[in-house]
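Working notes, structure below.
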Amino acid sequence: MNGDATPDEAAIHLADVSKVFGKIGTDAAFRAVDGLNLDVRPGQMLALLGKTGCGKSTIFNMIAGLTAPSSGSVRVDGRDPFAEFDSFRGKMAIVFQNDRLLPWRTAIQNVELGLEMLEIPAAERRATAQQWLTKLGLGGHENDYPHALSGGMRQRVSIARAFATNANILLCDEPFSALDESTAGRLRAEFVRLVKENGKTAVFITHSISEALEIGDRIVVLKRPAMIAYDVRFDTSTGPEEREDIRSRIVEVLAV
Amino acid sequence: MSETAPQTGSPPPENMLSAAAKRLWEWVLPFAVVIALWQFASLFFPRFLFPSLIDVFWRCLEIFADGSMFKDVMVTIYRILAGLAGSFVIGAALALLMVRSRAVDKFLSPILTLFQGIPALSWVVFAIIWFHGVEFRILFIMVLTTLPAFTFQVLGALRGMSRDLMEMVFSFRPSRAKLFRVMIAPAILPDILTAWKVNLGNASRVVVVAELVGATGGVGYQLLLQQQLFDMAGALAWTLQLVFFVLIVQGSLTLIENVAFRYRAVSERAI
Ligand SMILES: Nc1ncnc2c1ncn2[C@@H]1O[C@H](COP(=O)(O)OP(=O)(O)O)[C@@H](O)[C@H]1O
Ligand SMILES: [Mg+2]
């Protein structure tokens, strides 16, 4: 039931993945993810939807290679993101919930960060960073330090930082949830446009149903401990009534 | 309670001038009070107890002007800096090992804490018994007396780094060298500078004790001479050399901080 891609062609492939925090078998053990199967094909924009605490960030960290699963296998482009951590340099970019800008770097220096890891020459780095800052409407703020920018502007910088590396896979962990609704809405639209324009595969984590409907080609609803409760695909041709159906179905699933 | 002008915007020049004058006055006042009290005492007490500061001033000038005496000052400064550099390098290395491994931390922490309790004078005795060369003895004492503080300070700085920022940098898959340059070094630099300031003060107090291991030069040696001659003005003049040194270096470190940490948000309201 989990997909339209075989493991080999999937950009992201999770097979029977579980994550337990604490020592397994003891009372302290906490099962955050339980036997999760999920495939994301290249170019797909997947919204992972679930209530707070259902294990979304844990899944995210496993795909990003920041944590290892307790059992099961995680593959990104056919490789293990935790074991082969360094091999994903420049292949994966992340937008976190909070902007996570380095406070000692200006906006443009923050955008250059990923490019530095790729050993790109300084002049080229600068130009690319400048281009992305301009695209995200931050022209004129290149040399501002993060503390002098608003929350929305800071999150724009962090989006520019993720896109600048030109990685094929984008992972976003509730990137707009800390912003006010109108700023979030504008950034969301821009984000979707940029992902489509650049043909990225994206996993977008959210706890908001409307956001999931705006973002995804596909929505996967998670229930605790992270297991798939509902998996739906749609596209631009999906009409408003159909979307309403999907929305009420999600509400139903989440309520159980 | 202080009414410094807000950091943003450019106040009119006369305002800036009076602000600068005020800051200068605030800086000078405590010193002026101490000097005045001393000078007042010198009117009533014999010279060998409270010499006039004018005498002390001339003695200071003499030390500056006389090549061989100024060399004593430089030798002591060199010993302070060499000791601090040594203990910083060793301390930073130990701190790195301690953050990376709990076992190392559990093993080293008690030892360093134990070292913190050993008086500088005891190290002097050990150094005299264990080693021969005067310079090596001094370096040994300087390093061991400042090592625990340096290690704990660097350790605290490393532990205090933001986990969120660290993960963000990790997500770009940095090499070890890049991780250090991009994240670790800038994150711990403020604490490192503070540690240097604190340890500089400690080291300049320990160095004169360390020079009791048989040094035939340096401020500690000169102080010992002044004691034998019962020369209070001389003792003060030599002491002031170290005080000046500490003030100058700390001032420079503060300047570096003001430039290097411009990125920090300044709140107009103090704690
Ligand atoms: N490092 C950890 N140690 C122990 N428990 C954790 C850890 N990280 C997350 N958890 C637990 O796992 C569950 C899922 O967390 P998380 O993945 O952050 O949820 P979400 O992102 O969906 O809000 C939570 O109940 C949380 O308390
Ligand atoms: Mg989360």
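Derivation of every value follows stated rules applied to the coordinates shown; laboratory data play no part. Every value quoted in this text rests on a predicted model; they were computed, and no experiment measured them. In this analysis, Cβ positions are derived from the backbone assuming ideal geometry, glycine residues included, and neighbour counts consider all displayed protein chains.
So what's the gap between the Cα centers of region B:64-90 and region B:125-192, to the nearest angstrom?
22
Can you tell me the orientation of helix A:107-117 relative to chain A, as the angle in degrees between its alpha-carbon axis and the longest Cα principal axis, to the nearest 10?
70
Treat every Asp and Glu Cβ in region A:103-165 as -1 and every Lys and Arg Cβ as +1, leave all other atoms uncharged, and give the resulting dipole magnitude about the Cα centre to the nearest 20 debye. Provide the component values of the computation, followed by the final result.
Details: 7 positive and 6 negative charges, 42 e Å.
For this selection, approximately 200 debye.
Taking the Cα centre of chain A as origin and charging only Cβ (+1 Lys, Arg; -1 Asp, Glu), how large is the dipole, in debye to the nearest 20? Could you put the intermediate results ahead of the total?
Working: 30 positive and 34 negative charges, 91 e Å.
Roughly 440 debye for chain A.
FRET efficiency for B:R269 and A:R243, Cβ-Cβ distance as r, R0 = 56 Å, nearest 0.05? Intermediate values should be presented prior to the final figure.
Values: r = 49 Å, r/R0 = 0.87.
Using R0 = 56 Å, I get an efficiency of 0.70.
Could you state the number of Å between the C-alpha centres of region A:227-245 and region B:226-250?
Result: 82 Å between the Cα centres.
Report the far tail of the P(r) of region A:103-165, meaning the percent of Cα-Cα pairs longer than 20 Å.
14
Between the helical axis of A:240-255 and the dominant principal axis of chain A, each derived from Cα atoms, what acute angle in degrees is found, rounded to the nearest 10?
Tilt relative to chain A: about 70 degrees.
Select from chain B the helices, each a whole stretch of DSSP H, whose alpha-carbon atoms run 30 Å or more along the helix axis and whose Kyte-Doolittle mean is at least 0.0; answer none if there are none.
Numbers: long enough: B:13-42 (42 Å, 0.69); B:67-100 (49 Å, 1.41); B:134-159 (37 Å, 1.43); B:185-210 (35 Å, 0.98); B:232-260 (41 Å, 1.57).
For chain B, where a helix must reach 30 Å along its axis and average at least 0.0, the hits are B:13-42, B:67-100, B:134-159, B:185-210, B:232-260.
Compute the length gained on full extension between A:S210 and A:T26: take 0.36 nm times their separation in residues and subtract their Cα-Cα distance, giving the result in nm to one decimal. Present the calculation step by step, with values, prior to reporting the outcome.
Working: separation 184, 0.36 × 184 = 66.24 nm, distance 3.90 nm.
Additional length available on full extension: 62.3 nm.
In deg cm²/dmol, rounded to 500, what helix-only [θ] at 222 nm does the protein assembly as shown give when every DSSP H run of at least 4 residues adds -39500 (n - 2.57) and the total is split over its residues? Write out the running numbers ahead of the final one.
Details: 18 runs with 295 residues, N = 527.
Value at 222 nm, helices only: -18500 deg cm²/dmol.
To the nearest 20 debye, what is the magnitude of the charge dipole of region B:73-260 about its Cα centre, counting +1 on the Cβ of each Lys and Arg and -1 on the Cβ of each Asp and Glu? Mind dumping the intermediate values first?
On the way: 13 positive and 8 negative charges, 145 e Å.
Rounded to the nearest 20 debye, it is 700 debye.
Given C-alpha coordinates of region B:73-260, what is the ratio Rg to Rh with the Kirkwood estimate of Rh? Write down the numbers at each step before the final one.
On the way: Rg = 19.1 Å, Rh = 18.2 Å.
Reported Rg/Rh (Cα atoms, Kirkwood Rh): 1.05.
Summing +1 for each Lys or Arg and -1 for each Asp or Glu, what net charge is found among the other residues whose Cβ lies under 9 Å from the Cβ of A:E112?
Working: positive: A:R105, A:R125, A:R126, A:R161; negative: A:E116.
Local charge sum for A:E112: +3.
Which number do you get for Rg(Cα) / (2.2 N^0.38 Å) in the protein assembly as shown? Working shown, then result.
Values: Rg = 31.6 Å, N = 527, 2.2 N^0.38 = 23.8 Å.
This ratio for the protein assembly as shown stands at 1.33.
Which chymotrypsin sites (Phe, Trp or Tyr not before Pro) in region B:27-96 sit in a loop by DSSP (not H, G, I, E or B) and have at most 13 other Cβ atoms within 10 Å of their own Cβ? Mind showing how you got there, number by number?
Details: sites: B:W27, B:F31, B:W38, B:F40, B:F44, B:F48, B:F57, B:W58, B:F64, B:F70, B:Y78, B:F88; in loops: B:F44, B:F48.
Of the chymotrypsin sites (Phe, Trp or Tyr not before Pro), the ones in loops of region B:27-96 whose Cβ has at most 13 other Cβ atoms within 10 Å are B:F44, B:F48.
Find, among the GluC sites (Glu not before Pro) in region A:100-175, those assigned to loop by DSSP (not H, G, I, E, B) with at most 11 other beta-carbon atoms within 10 angstrom. Walk me through the numbers before you get to the answer.
On the way: sites: A:E112, A:E116, A:E119, A:E124, A:E142; in loops: A:E119, A:E142.
Answer in residue order: A:E119.
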